[in-house]
Amino acid sequence: MSKNVLVLGEAREGELRNVSFETIAAAKTISGGGTVTAVLLGDSVENLAQEMVHYGADRVVTVEHPHLKQYTSDAYSQAFMAVYEQEKPDAIVLGHTAMGKDLSPKLASKLSSGLISDVTKIEGEGDAAEFIRPIYSGKAFEKVQSKGGLLFITIRPNNIEPLAKDESRSGDVSSLTVDITNLRSVIANVVRKSTEGVDLSEAKVIIAGGRGVKSEDGFKPLEELAHLLGGAVGASRGACDADYCDYSLQIGQTGKVVTPDLYIAVGISGAIQHMAGMSNSKVIVAINKDPEANIFKVADYGIVGDLFEVVPMMIEEVKKLKGSPAV
Amino acid sequence: MNIYALVKRTFDTEEKIVVKNGAIQEDGAEFIINPYDEYAVEEAIQVRDEHGGEVTVLSLGGEDAEKQLRTALAMGADKAVLINTEDDLDEMDEFSASKIISEYLKDKDADLIIAGNVAIDGGSGQVGPRVAELLGINYVTTITDLKIDGTSATLVRDVEGDSETIETSLPLLVTAQQGLNEPRYPSLPGIMKAKKKPLEELELDDLDLDEDEVEAKTKTIDIFMPPEKAAGRVLEGDISDQVSELVNLLNKEAKVI
């Protein structure tokens, strides 16, 4: 049976995040030839609708409201449920982002449905689809099936390949007016810490520092390298506990679990709880002065050496590779 | 204030995972309070110490979870409740767990419920928000700060590195993110006292729940280990040669930069 699938696009500072296109690809796999309808919520999102179509959505439904400018679970759940009631889909796909993690359990609870969170791979198609998700922070995986009823999943960013963008695709865009009331949370203030705007969970390149970085200042070269490679900076628990950086950067079983294309571990010994958070990265580089460090066991490439010597050299090499540094 | 902390018994983060016949082997493994739930217990104790009231720690699972509840009592919680599903349910998912927990909490008039933002085993982070929705109360996830003034609450949320300050009111469910506090170690007198604190054990029958009302909506059909990685290459030679070789390999061979 073909399924009609609803996906929720997610914008950040006026632009669709990649994970939005990944949800469309996941939805196509699940739909077995059914319709994929993208939902966009915000104060002004209609201009983003065509892009969702170019990435494979068959239709788009937008809900615009001043209360949707910033995400709150009350406002977004009311808007999404209104679209749900109109569309009555067989399946829902959201990104496993901060928003998706916060919103999806509320929706699943309202819908009395199961919810398969943090899916990294879909095997099979349509009704036969099975979902792979990491457990124990990636130390193991489980394969999960829905037992029937509404199928609801969230997908981890950066794991499911989006469809190629095709600007010749066309699809119907409609808007829905929703009354949004009774908001219980007010966002009083937002402090943006991630200056580069590259979020750890979506970054293609992560440069992570450990205790070996020795100080807050020690992270500066890592930031420069991350900037050059368009990536983000992460850290081990040791570095966070020692106050070299904020806990929001922590990667590991406690902290974030990441799967970038390139993970460079700098001065990180590779405690099992850190490895759980990064060992499924596509390419891992370890830079450590201790040749016995555990991190070398999962690294594709390793340099045994002093990070304070190696990282600045890497910065120079990358600059050479990329031509003259950006002005 | 009537405060509840939701606690899950999980594998120690230092444990290696062994899979046999599609199941995680638990023999000989060390178990702990899920680290995020430890922040929840600590926060509950701090809120009680500042505003008065009582902290109840609640866990769902088998008899073995008693140990983690005793640890929470030794940290300073006042009472513990274990909903033992061992005999009634072979499998549970987040739908089942949240239904059972909310059924227990629905007539308890909790002012504040604190959970971990995620359990490090299943890792779905669903149960907290699902419970709040079933109870009809508001929730705020991944908090790093909590201030309560009367029935108003001001919280800071970690949102992918950004911090959001949120104003809301009680009753409320929050989930704890790392950085919220430093969980205390149980003291020796605390451990002695914990032995005498009340620990109530309930089953589904006591909650007037039938097994089919909490039947899982999803099913795990296999558990497996990630593929072993082949040994990597440790580069050799002068450091500067190694670095240029590395950058070259990342560009040409791995094609990631």
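Laboratory data are not the source of any read-out in this text; all were calculated from the coordinates shown. Only a predicted model underlies this, so the values are computations on that prediction, with no experimental measurement involved. Neighbour counts are summed over all protein chains in view; Cβ atoms, including those assigned to glycine, are modelled from backbone coordinates with ideal geometry.
One equal scatterer on each Cα of the range B:125-180, no solvent, Debye formula: the resulting log10 I(q)/I(0) at q = 0.23 Å⁻¹ is -0.89. When the Gaussian network model of chain A links Cα atoms closer than 10 Å, the mean-square fluctuations of A:PRO291, A:PRO260, A:PRO105 top out at A:PRO291.
Rounded, prolate or oblate: which one fits the range B:59-183, using the alpha carbon gyration tensor with axes a ≥ b ≥ c (rounded when a/c is under 1.5, else prolate when a/b beats b/c, else oblate)?
Prolate shape, in that a/c is at least 1.5 and a/b is the bigger ratio.
Think of chain B as a dipole: +1 on every Lys or Arg Cβ, -1 on every Asp or Glu Cβ, centred on the Cα centre; then among B:GLY237, B:ILE148, B:PRO189, B:GLY237 lies furthest on the positive end.
Projecting the Cα atoms of A:VAL190, A:LEU151, A:SER109 onto the charge dipole of the protein assembly as shown, computed from C-beta unit charges around the Cα centre, puts A:VAL190 farthest toward the positive end. Which of the listed residues, B:VAL127, B:LEU112, B:ILE100, is farthest toward the dipole's positive end in the range B:76-161, when Lys, Arg count +1 and Asp, Glu count -1 at the beta-carbon? Going by the Cα projections, it comes out as B:LEU112.
Peptide A:297-307 has a mean of 5 when you count, residue by residue, the C-beta atoms of other protein chains within 10 Å of its C-beta. In a Gaussian network model over chain A where Cα atoms closer than 10 Å are linked, find which of A:LEU262, A:LEU111, A:LEU48 has the largest mean-square fluctuation. Highest fluctuation of the listed residues: A:LEU111. Which translational diffusion coefficient, to the nearest whole µm²/s, is obtained for the range B:179-244 from the Stokes-Einstein equation, given a Kirkwood hydrodynamic radius over C-alpha pairs, 20 °C and 1.002 mPa s? My calculation gives 106 µm²/s for D.
Along the range A:147-160 the Karplus relation, 6.51 cos²θ - 1.76 cosθ + 1.60 evaluated at θ = phi - 60°, assigns HN-Hα couplings of 8, x, x, 4, 9, 9, 9, 10, 10, 6, x, 6, 10, 9 Hz to successive residues, with x for each Gly and Pro. Between B:VAL174, B:VAL41, B:VAL234, where does the largest GNM mean-square fluctuation fall for chain B, given springs only between Cα atoms within less than 10 Å? Looking only at B:VAL174, B:VAL41, B:VAL234, the largest GNM fluctuation is found for B:VAL234. Label-to-label distance, B:GLU215 versus A:THR29, with points set 7 angstrom from Cα along the beta-carbon direction: 2.8 nm. By its C-alpha gyration tensor, with a ≥ b ≥ c as the square roots of the eigenvalues, how is the range A:212-302 shaped: rounded for a/c under 1.5, else prolate for a/b larger than b/c, else oblate? Cα axes put the range A:212-302 in the rounded bin.
The GluC sites (Glu not before Pro) of the range A:205-291 meeting both criteria, a DSSP state outside H, G, I, E and B (loop) and at most 14 other C-beta atoms within 10 angstrom of the site's C-beta, are A:GLU216. Neighbour counts of other Cβ atoms within 10 Å put A:SER248, B:SER240 in the fewest-to-most order B:SER240, A:SER248. Counting only Cβ charges, +1 for Lys and Arg and -1 for Asp and Glu, the dipole size of the range A:164-271 around its Cα centre is about 260 debye. Treating each Cα of chain A as one equal point scatterer and applying the Debye formula with no solvent, the log10 of I(q)/I(0) at q = 0.11, 0.15 Å⁻¹ comes out as -0.76, -1.19.
Peptide A:97-105 shows a mean partner chain C-beta count of 6 within 10 Å per residue C-beta. Shown for the range A:1-96 is the translational diffusion coefficient from the Stokes-Einstein equation, using the Kirkwood radius over Cα pairs, a temperature of 20 °C and a viscosity of 1.002 mPa s: 164 µm²/s.
For the range A:56-152, trypsin sites (Lys or Arg not before Pro) meeting the loop criterion (DSSP other than H, G, I, E, B) and having at most 16 other Cβ atoms within 10 Å: A:LYS69, A:LYS147. Ranked from largest, the principal axis spans of the Cα set of the protein assembly as shown equal 69, 65, 50 Å.
For chain A, a crude dipole built from +1 on the beta carbon of Lys and Arg and -1 on the beta carbon of Asp and Glu, taken about the Cα centre, is about 580 debye to the nearest 20.
The separation of the range B:43-80 from the range B:90-145, counted between C-alpha centres, amounts to 16 Å.
Normalising the average separation of contacting C-alpha pairs (under 8 angstrom, six or more residues apart) by the number of residues puts the relative contact order of chain A at 14 percent. Note on the range A:61-89 and the range A:270-327: Cα centroid distance 43 Å, given to the nearest whole angstrom.
This model, with +1 at the C-beta of Lys and Arg and -1 at the C-beta of Asp and Glu, gives the protein assembly as shown a dipole about its Cα centre of some 1160 debye. The mean number of Cβ atoms from other chains found within 10 Å of a Cβ in peptide A:278-287 is 3, as a whole number.
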